[in-house]
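See structure below.
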Amino acid sequence: RITYDPAGVVAIITPWNAPLMLATWRIGPALAAGNTVVVKPPEWAPLTASLLADIMRDAGLPDGVFNVVQGTGVDAGAPLTRHPGINRLCFTGSVPTAGVIAAAAAPNIVPLSFELGGKSPLLVLDDADMDLAVDIAVEQFDNAGQVCLKGARLLVDAKIAEEFTQRVLDKARTLKQGDPRDLTSDVSALITRKHFDTVDGFVQRAKADGARVLMGGGPNDELGGLFYSPTILADCPAGSEILTEEVFGPVAPITTFSTEEEAVRLANSTEYGLVAYVFTQDTSRTIRVAEALEFGMVGINQGIVSNPSAPFGGVKHSGFGREGGFEGIEEYLETKYVGLAL
């Protein structure tokens, strides 16, 4: 007989870029599996977790089943990650922070689940639906590019690169940057001054490395504050950090390729492996390319890959463990085998 039992107490440390949605992706399965949950929300976006706790209390959830601990990573996150009473630990955020969390949890041998972002390629093959590919490419500026799933590198077949690039530029220039509470705004601001400086640092180093700015390339001087202009770069040197490291901002480098094999090699040339996007109208090509890509998820002729019924997660430095689907429930269960000899 095989049974699946609740793990116990689940600690969940959530990110700031979609604080309610990304928290519930983990909270829901953990509770459904029969566990109690302690959530440490991000200090830069803390209120939705407290609101969720109020909603759960009003809905009749017993006291102590869902708990919120507010504070900074040092004051609240660190004690939580090393607490001996934790049976599962889940984190969504950066690779360096994941390393610190893993080290803190190691003495207690706590199973971990990490979702650590990506440097996702958006491959546009020569037979792609151009209209669709252009629309999806420009959508990568949503939330000011502060999305782990976004297509952060535009890899385009050289045969169609000129047309694709011009159409992306034309469409991107129509985007309105402004207050996200204004429903006519397309691109909002970055989260903090520190993050703003990080994004700008990536762009300035790329320019110094020889990248050519096709659009943007710096702060939005008209709006000021934390608004960073949607930026499109070309001629980025192979292997440069702008093509391999996560910027997490409204920055899109365009790189060309000549063959399908080169496209796959470029896509895989990063330590991240969360999601890849492929645009082609050839079914056999779709299967061949998808199998060669070193990513936890592959989206074909579509934008953001997010399906609650399917496993969500990455490989390599994008983490391990899955959210969504039955795999997402399994993260919070202990498997027990009972052998009977009668």
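The values are calculated or read from the model by the stated rules, or taken from the named source; none is laboratory data. Note that the structure is a prediction, hence the values are computed from the model and not measured. Using ideal geometry, Cβ is built from the backbone for each residue, glycine included, and neighbour counts are taken over all protein chains shown. Note: accessible area is taken over every heavy atom of the protein model, side chains too, but ligands, DNA and RNA are not part of it. Shrake-Rupley method; radii C 1.70, N 1.55, O 1.52, S 1.80 Å.
Being among the small types (G, A, S) and surrounded by fewer than 17 Cβ atoms within 10 Å (Cβ to Cβ) is not true of S318. Annotation note: Cβ proximity below 6 Å between a residue of region 23-35 that is modelled with pLDDT of 95 or more and a residue that is in a helix (DSSP H, G or I) and not aliphatic (A, V, I, L, M) (sequence gap 6+ or interchain) occurs for P29/G328.
Is it fair to say T270 is under 29 Å from S229 (Cα atoms), assigned to a loop (DSSP other than H, G, I, E, B) and either open to solvent by 30 Å² or more (accessible area, probe 1.4 Å) or at pLDDT 95 or above (or both)? Judged against the criteria, T270 is a match.
Given the criteria over 30 Å from A208 (Cα atoms) and either part of a strand (DSSP E or B) or open to solvent by 40 Å² or more (accessible area, probe 1.4 Å) (or both), does P308 qualify? So P308 passes the test. Got at least one residue in region 165-175 being among the polar types (S, T, N, Q), closer than 26 Å to R26 by Cα, open to solvent by 10 Å² or more (accessible area, probe 1.4 Å) and part of a loop (DSSP other than H, G, I, E, B)? The answer is no, given that none of the residues of region 165-175 is among the polar types (S, T, N, Q), closer than 26 Å to R26 by Cα, open to solvent by 10 Å² or more (accessible area, probe 1.4 Å) and part of a loop (DSSP other than H, G, I, E, B). Please indicate, with yes or no, whether at least one residue in region 273-285 is at pLDDT below 95, closer than 21 Å to G93 by Cα and either touching a Ser or Thr at 6+ places or on another chain (Cβ under 6 Å) or open to solvent by 60 Å² or more (accessible area, probe 1.4 Å) (or both). No, because not a single residue in region 273-285 is at pLDDT below 95, closer than 21 Å to G93 by Cα and either touching a Ser or Thr at 6+ places or on another chain (Cβ under 6 Å) or open to solvent by 60 Å² or more (accessible area, probe 1.4 Å) (or both). The number of residues in region 194-224 that are more than 25 Å from S240 (Cβ to Cβ) and in contact with a Leu (Cβ under 9 Å, 6 or more places away or on another chain) comes to 0. Going by what's in this entry, would G328 be described as among the small types (G, A, S) and part of a loop (DSSP other than H, G, I, E, B)? Against the criterion (among the small types (G, A, S) and part of a loop (DSSP other than H, G, I, E, B)), G328 does not qualify. Could you list, in sequence order, the residues of region 26-50 that are open to solvent by 50 Å² or more (accessible area, probe 1.4 Å) and touching a Phe, Trp or Tyr at 6+ places or on another chain (Cβ under 7 Å)? Correct list: W44 only.
How many residues are open to solvent by 40 Å² or more (accessible area, probe 1.4 Å) and within 15 Å of P253 (Cβ to Cβ) when one looks only at region 215-230? Result for region 215-230: 1.
Yes or no, residue by residue, for (1) assigned to a loop (DSSP other than H, G, I, E, B); (2) surrounded by fewer than 18 Cβ atoms within 10 Å (Cβ to Cβ):
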position	(1), (2)
I86	yes, no
L89	no, no
P96	no, yes
A104	no, no
P107	no, yes
G118	yes, no
P121	no, no
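Are any of the residues in region 330-340 open to solvent by less than 10 Å² (accessible area, probe 1.4 Å), out of contact with any helix residue (DSSP H, G or I) (no Cβ under 6 Å at 6 or more places or on another chain) and touching a residue at least 40 places away in the same chain (Cβ under 8 Å)? No, because not a single residue in region 330-340 is open to solvent by less than 10 Å² (accessible area, probe 1.4 Å), out of contact with any helix residue (DSSP H, G or I) (no Cβ under 6 Å at 6 or more places or on another chain) and touching a residue at least 40 places away in the same chain (Cβ under 8 Å). When you scan region 70-87, do you find a residue that is hydrophobic (A, V, I, L, M, F, W, C), more than 19 Å from T192 (Cβ to Cβ) and touching a helix residue (DSSP H, G or I) at 6+ places or on another chain (Cβ under 6 Å), even just one? No, region 70-87 contains no residue that is hydrophobic (A, V, I, L, M, F, W, C), more than 19 Å from T192 (Cβ to Cβ) and touching a helix residue (DSSP H, G or I) at 6+ places or on another chain (Cβ under 6 Å). Of the residues making up region 286-305, just one is closer than 17 Å to S120 by Cβ, among the β-branched types (V, I, T) and open to solvent by 60 Å² or more (accessible area, probe 1.4 Å), namely I304.
Just one of the numbered conditions (1) open to solvent by 50 Å² or more (accessible area, probe 1.4 Å); (2) in a helix (DSSP H, G or I); (3) over 24 Å from E327 (Cβ atoms); (4) touching a strand residue (DSSP E or B) at 6+ places or on another chain (Cβ under 8 Å) is not true of A53: (1). Applying the set (1) modelled with pLDDT under 95; (2) more than 27 Å from E271 (Cβ to Cβ); (3) of a type in the set (G, A, S) to A18 leaves exactly one unmet item: (2). Only one entry of A238, A206, A252 meets the criterion of being buried (at least 20 other Cβ atoms within 10 Å of the Cβ) and not in a helix (DSSP H, G or I), and that entry is A252. Within region 177-197, identify whether any single residue is more than 29 Å from M21 (Cα to Cα), modelled with pLDDT of 95 or more and open to solvent by less than 60 Å² (accessible area, probe 1.4 Å), and answer yes or no. Within region 177-197, not a single residue is more than 29 Å from M21 (Cα to Cα), modelled with pLDDT of 95 or more and open to solvent by less than 60 Å² (accessible area, probe 1.4 Å).
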